[in-house]
Protein chains: 2
Amino acid sequence: MHSPKYFQELIDEEIAALSFQSKPAELYEPIRYMMSLGGKRIRPSLVLMSNELFGADPQKIIKVALGVEVFHNFTLMHDDIMDRAPLRRNKSTVHTKWDANTAILSGDTMFVKSCQLMMSIDSGFSAEVLSLFFKTAIEVCEGQQLDMNFESREDVSIQEYIEMISLKTAVLLGCSLQLGAILADAEPEDARRMYAFGKNLGIAFQLHDDILDLYGDAEKFGKQVGGDVLSNKKTILLLLALSHKNKNKVDELKEWINKPVANPEKKISAVREIFEHLGIRKQAEEEMEKYFQIALNDFQNVKVEDARKETLMNLAESLMIRES
Amino acid sequence: MHSPKYFQELIDEEIAALSFQSKPAELYEPIRYMMSLGGKRIRPSLVLMSNELFGADPQKIIKVALGVEVFHNFTLMHDDIMDRAPLRRNKSTVHTKWDANTAILSGDTMFVKSCQLMMSIDSGFSAEVLSLFFKTAIEVCEGQQLDMNFESREDVSIQEYIEMISLKTAVLLGCSLQLGAILADAEPEDARRMYAFGKNLGIAFQLHDDILDLYGDAEKFGKQVGGDVLSNKKTILLLLALSHKNKNKVDELKEWINKPVANPEKKISAVREIFEHLGIRKQAEEEMEKYFQIALNDFQNVKVEDARKETLMNLAESLMIRES
């Protein structure tokens, strides 16, 4: 079984080979730029590792893995416009480096390219592959819409939040693992278990990300600590705190949310103190752990010998390692 | 053979039945709105008419026709953001009625929906159908990029312009006709002829649209006469005029282009006079007629008896009827 690092490098090479050298350059240069920003290439690695898990040769389905990665980067390009994000992986976002029109149209083109990659392998599974891919793509759009809706809502429940991150983030991890399984001709039940494994892992992964915002090592995390606190982003931490029965502390928290940020450090430390008082970090970690355990349980039920599962298990665990 | 009106009504009914009632409503309501703005439904009608031309039952492939229409409306929704267009069919555009983020994300969702529709019929042709559809979708994006590039270029040749409108507008008409033919199991050569027929018809159609901007009946055309002139849009009329050998008149035209519009009516009549002097309308009509004749020639070569071709021929001709 190959390591995540092996697959990451393989995918980086294949992305470089795609090159997007077509014309007009104004359309393809932003795509090349976006795809070259790097990252851990988790989703395409999941496609390939799941495929290898069931005894197939992942080299044969690398285009499908690339399709997932191009699709993921398309969603990031459009999300960055919608979120007015200036930076991605410490580089300018496409709509900042060029403009919003460029990011819209290059993003659209990336989505079409991802479809082409997705159907470019010769297999009897293409209808199944495309159905799963399109269903997931719709869900990712719905998740992004829910995320935007939440910005102006004051009554988001934990359940609604889990549903949102499930759609926006987690289903694509599930889809990736299921695609690899389908293309290895795995038992349909095992393919569905791989989907559940990825989806629950994705939820745990996003909850972890929420926790890291406030409790992560700034250097390792690569983002400003407390950024979500400053922007009042409805993360698992904030939602758990707002639904706490300690009315005094909740009111205190709402005050910080509603007043303009005069002193960022002061707001972060005040909110951190409220969270501390309410035991929010522990609750959030328990929630994360819950989904991680569901994910592992799904994975354990997959009918493949344990030794073959080791590298995927290591990858799953590495996603949950606390950077704090 | 059924009439264009029959197909238009059938498509309107099917679009109403699609309904887009899913949640979140913030994502689907703009899609429902956009799809209900109406129009002649030319592209899906071409899919169905081409299918019937080759003796198949178009009812069986209505989902593919809808896929083309949803895709077309997706491109319009995103183009309207890029062009900052306030109105479409005399109604507010989606990014005006809601906002740009809504138009981006609802548009993305429409594109995925069009893919789902495109593969939702049970046929042995789905790989061929999707390949053609994705190739065309990429070309439409490239055409839109070229169109935007042209805004800041002073040296656009007639050939480049034809290439741009071919990608942005015409290939989707070709694709529609070829899809109908493929799904009727037409000879590959005939399917390719249908594509060429549609593509050349599309070029003629766009040139006709350019001509109507200045020479159309305002009421029938439904747009402000001379709108392209006021915005210095590089239409076939302007490009033919700018490439004319009469240097004095070209300089005069450039002056009108470069100075701010103090009096819109005055600018339109001055430019109209220059075009008159240079015989631009006639040249543009000859160019349009050239592509229309190529289109008809492609259609005539399709190996189907003439009687069956009548309704499609009538539709093609109706697209070229001068509204002036």
Q) Between residue B:188 and the same site in the other copies, what are the distances in nm, shortest first, taking label points 7 Å from Cα along the C-beta direction? A) 3.4
Q: Would you check the accessible area of residue A:231, probe 1.4 Å, heavy atoms only, in square angstrom rounded to 10?
A: 80
**Q.** Coil-residue GluC sites (Glu not before Pro) of region B:120-156, DSSP, other Cβ within 10 Å capped at 13
**A.** B:154
(Q) What does the charge count around residue A:116 come to, taking other residues whose C-beta lies under 10 Å from its C-beta (Lys +1, Arg +1, Asp -1, Glu -1)? (A) +3
Q. Going from most exposed to least, what order do B:12, B:298 have by accessible area with a 1.4 Å probe?
A. B:12, B:298
Q. What FRET efficiency would be calculated for the residue pair residue A:189, residue A:232, taking the C-beta separation as r and a Förster radius of 56 Å, to the nearest 0.05?
A. 0.85
Q.
Taking 8 Å as the Cα distance limit and 6 or more residues as the minimum spacing, I'd like the relative contact order of chain A as a percentage.
A. 18
Q | Near-label residues of region A:1-21 by backbone N, under 11 Å of a point 7 Å along Cα→Cβ of residue A:125 | A | none
Q. Among A:6, A:124, A:211, whose Cα lies farthest out toward the positive end of the dipole of region A:4-320, if unit charges sit on the beta carbon of Lys, Arg (+1) and Asp, Glu (-1)?
A. A:211
Q. How high is the FRET efficiency between residue B:63 and residue B:303 when r is their beta carbon distance and R₀ equals 41 Å, given to the nearest 0.05?
A. 0.90
(Q) Between region B:95-123 and region A:2-37, what is the separation of their alpha carbon centroids in Å? (A) 26
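Can you pull the mean other chain C-beta count within 10 Å for peptide A:142-155? Before the final figure, lay out each step's value.
Details: counts 8, 1, 7, 11, 4, 0, 6, 4, 0, 0, 0, 0, 0, 0.
Taking the mean over all residues of the peptide, I get 3.
Can you quote the Å³ per residue value for the convex hull of the Cα atoms in the protein assembly as shown, rounded to an integer? Don't jump to the answer; show the numbers that get you there.
On the way: hull volume 109.7 nm³, N = 648.
Residue-normalised Cα hull volume stands at 169 Å³.
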Q: Run through the other copies and list how far each one's label point is from that of residue A:277, in nm with one decimal, shortest first; the point sits 7 Å from Cα along Cα-Cβ.
A: 8.1
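What's the local net charge at residue A:79, with K and R +1, D and E -1, over the other residues with C-beta under 11 Å away? Write down the numbers at each step before the final one.
Details: positive: A:84, A:88, A:168; negative: A:80, A:83, A:147, B:108.
It works out to a net charge of -1.
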**Q.** Label-zone membership for region A:27-43, site residue A:92, 7 angstrom Cα→C-beta point, backbone N under 19 Å
**A.** A:27-38
Q.
Using 28 Å as the Cα-Cα cut-off, could you pick out the over-long pairs in A:91/A:234; A:309/B:23; A:23/B:233; A:5/A:113?
A. A:309/B:23
Q: Could you state the angle between the C-alpha long axis of helix A:4-18 and the longest principal axis of the C-alpha atoms of chain A, as a value from 0 to 90 degrees rounded to the nearest 10?
A: 70
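Hand me the trypsin sites (Lys or Arg not before Pro) from region A:2-79 located in a DSSP loop with no more than 16 other Cβ atoms within 10 Å, in residue order please.
Details: sites: A:5, A:32, A:40, A:41, A:60, A:63; in loops: A:40, A:41.
Answer by residue number: A:40.
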Q: Run the 1.4 Å probe and let me know the accessible area of residue A:281, rounded to the nearest 10 Å².
A: 80
Q) Counting only protein chains, not ligands or nucleic acids, how are A:225, B:302 ordered by accessible area (probe 1.4 Å), most first? A) A:225, B:302
Q: Post the alpha-carbon centroid distance, region B:230-249 to region A:245-301, in whole angstrom.
A: 64
Q) Using a label point 7 angstrom from Cα along Cα-to-C-beta, what distances in nm, from shortest up, separate residue A:40 from the other copies? A) 5.4
Q.
In Å and on Cα atoms, what radius of gyration and Dmax does region A:148-201 show?
A. 14.3, 46
Q. Given a 1.4 Å probe and the protein chains all in place, what does the accessible area of residue A:177 round to, in Å² to the nearest 10?
A. 0
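Give me Rg over Rh for region A:1-112, both radii from the alpha carbons and Rh done the Kirkwood way, two decimal places. Mind showing how you got there, number by number?
Values: Rg = 14.6 Å, Rh = 14.5 Å.
We get a ratio of 1.01 for region A:1-112.
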**Q.** Shielding score for B:74-81, defined as the mean number of other chain Cβ atoms within 10 Å
**A.** 2
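From the helices alone, meaning DSSP H stretches of at least four residues, give me the mean residue ellipticity at 222 nm for chain A, per-run term -39500 (n - 2.57), in deg cm²/dmol to the nearest 500. The partial results should precede the final answer.
Values: 17 runs with 234 residues, N = 324.
Roughly -23000 deg cm²/dmol at 222 nm, from the helical runs in chain A.
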**Q.** Dimensionless Rg ratio for region A:23-72, taking C-alpha atoms and the 2.2 N^0.38 Å reference
**A.** 1.36
Q. Expressed in nm², what is the orientationally averaged projection area of the convex hull enclosing the Cα positions of chain A?
A. 16.5
Q. For region A:194-294, what value does the Rg/Rh ratio take when both radii are computed over Cα atoms and Rh is the Kirkwood radius, given to two decimals?
A. 1.00
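The values are calculated or read from the model by the stated rules, or taken from the named source; none is laboratory data. From a predicted model like this one, the values you see are computed outputs, not experimental measurements. Every residue, glycine among them, receives a Cβ derived from its backbone with ideal geometry; neighbour counts consider all protein chains shown. Ligands, DNA and RNA are excluded from the accessible area calculation, which covers all protein heavy atoms including side chains. Shrake-Rupley method; radii C 1.70, N 1.55, O 1.52, S 1.80 Å.
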